[in-house]
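Peer 1: Below: one structure in structure tokens.
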Amino acid sequence: MQEKEDASKEPFEVIPAGDTSEPRGIIWRIVDALLLVGISVMLLSVAAQVISRQLGASISWTEELTRFLFMGTTFLGMAAGFRAAAHPRVSFVLAWGPAWLKKFAPHVYAACGIAFFSVLIVKTWELMMQQLTSGESSPALGVGMFLVTLPLVIASGLAILAHIKTIYFSPSMRKKIEEGEIIA
């Protein structure tokens, strides 16, 4: 019985970025799968572009596809990074500041992130609606540009979700932020 009580009193262990022991939900598994597919298709697209140029007949749509996938995977990767609190923060303020500042740091971190991504989601949504109503399409692929902007809207919403989850629903991630640990 005594052994069981001692195990519950273990000090809190900080988990390195990306090594969270918390299970990933279906949303984050889909994001990770989309990142894998996006990066794989980018690699194949760039390889096709290089090979076609060496053969003297450049494929025009590969460059555009790579650019669109790069934008989408960058934003989705950013949201996935917030899920693990893997983005650098200004921790010297916490290290040199008073102890009470550490208690407010997670809330400031969340408020700043949520405010930024709220503005971003509104502006990217407005851009997407403008592209949809105008019928704007890409020159080489001919796809609607709203489809290129859609991942930015989704990633902004996921970044807000990740901020809320890491601060208010994940004790290990919250502890990392309270300690001002820089992760990158």
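The values are calculated or read from the model by the stated rules, or taken from the named source; none is laboratory data. Computed from a predicted structure; not experimentally measured. Neighbour counts run over all protein chains shown; Cβ positions are idealised from the backbone, glycine included. Areas reflect the complete protein model, heavy atoms only, side chains present, ligands, DNA and RNA absent. Shrake-Rupley method; radii C 1.70, N 1.55, O 1.52, S 1.80 Å.
Peer 1: May I ask you to verify whether A95 is hydrophobic (A, V, I, L, M, F, W, C), over 11 Å from H163 (Cα atoms), at pLDDT below 80 and exposed (fewer than 14 other Cβ atoms within 10 Å of the Cβ)? Working first, answer last.
Peer 2: Details: hydrophobic (A, V, I, L, M, F, W, C): yes; over 11 Å from H163 (Cα atoms): yes; at pLDDT below 80: yes; exposed (fewer than 14 other Cβ atoms within 10 Å of the Cβ): yes.
Yes, satisfied.
Peer 1: Determine the pairs where a residue that is within 13 Å of I164 (Cβ to Cβ), located within the range 102-116, has a partner that is open to solvent by 40 Å² or more (accessible area, probe 1.4 Å) with Cβ atoms under 6 Å apart, the partner being 6 or more residues away or on another chain.
Peer 2: P106/R174
Peer 1: May I pose another question? Considering only residues of the range 62-87 that are free of Cβ contacts under 8 Å to residues at least 24 places away in the same chain and within 16 Å of A140 (Cβ to Cβ), which is least open to solvent (accessible area, probe 1.4 Å)?
Peer 2: Residue satisfying both the conditions and the ranking: T62.
Peer 1: Still on this structure: Given the criterion open to solvent by 60 Å² or more (accessible area, probe 1.4 Å), among the small types (G, A, S) and over 17 Å from D32 (Cα atoms), identify the matching residue among S118, S137. Walk me through how you get there before you give the answer.
Peer 2: Working: S118 fails: open to solvent by 60 Å² or more (accessible area, probe 1.4 Å).
Answer to the check: S137.
Peer 1: In this structure, does F104 turn out to be over 15 Å from F75 (Cα atoms) and surrounded by 12 or more Cβ atoms within 10 Å (Cβ to Cβ)? Let's see the steps before the verdict.
Peer 2: Numbers: over 15 Å from F75 (Cα atoms): yes; surrounded by 12 or more Cβ atoms within 10 Å (Cβ to Cβ): yes.
So F104 fits the description; yes.
Peer 1: Looking at I177 and the list (1) in a helix (DSSP H, G or I); (2) surrounded by fewer than 17 Cβ atoms within 10 Å (Cβ to Cβ); (3) modelled with pLDDT under 95, which single condition is not satisfied?
Peer 2: Going through (1) in a helix (DSSP H, G or I); (2) surrounded by fewer than 17 Cβ atoms within 10 Å (Cβ to Cβ); (3) modelled with pLDDT under 95 one by one, I177 breaks only (2).
Peer 1: Let me ask something else about it. Could you list, in sequence order, the residues of the range 33-61 that are open to solvent by less than 40 Å² (accessible area, probe 1.4 Å), of a type outside the set (A, V, I, L, M, F, W, C) and in contact (Cβ under 8 Å) with a residue 24 or more places away in the chain? Can you show your working first?
Peer 2: Quick first cut of the range 33-61, residues open to solvent by less than 40 Å² (accessible area, probe 1.4 Å) only: 35, 38, 42, 45, 48-49, 52.
Remaining after also requiring of a type outside the set (A, V, I, L, M, F, W, C): 38, 45, 49, 52.
G38, S45, listed by residue number.
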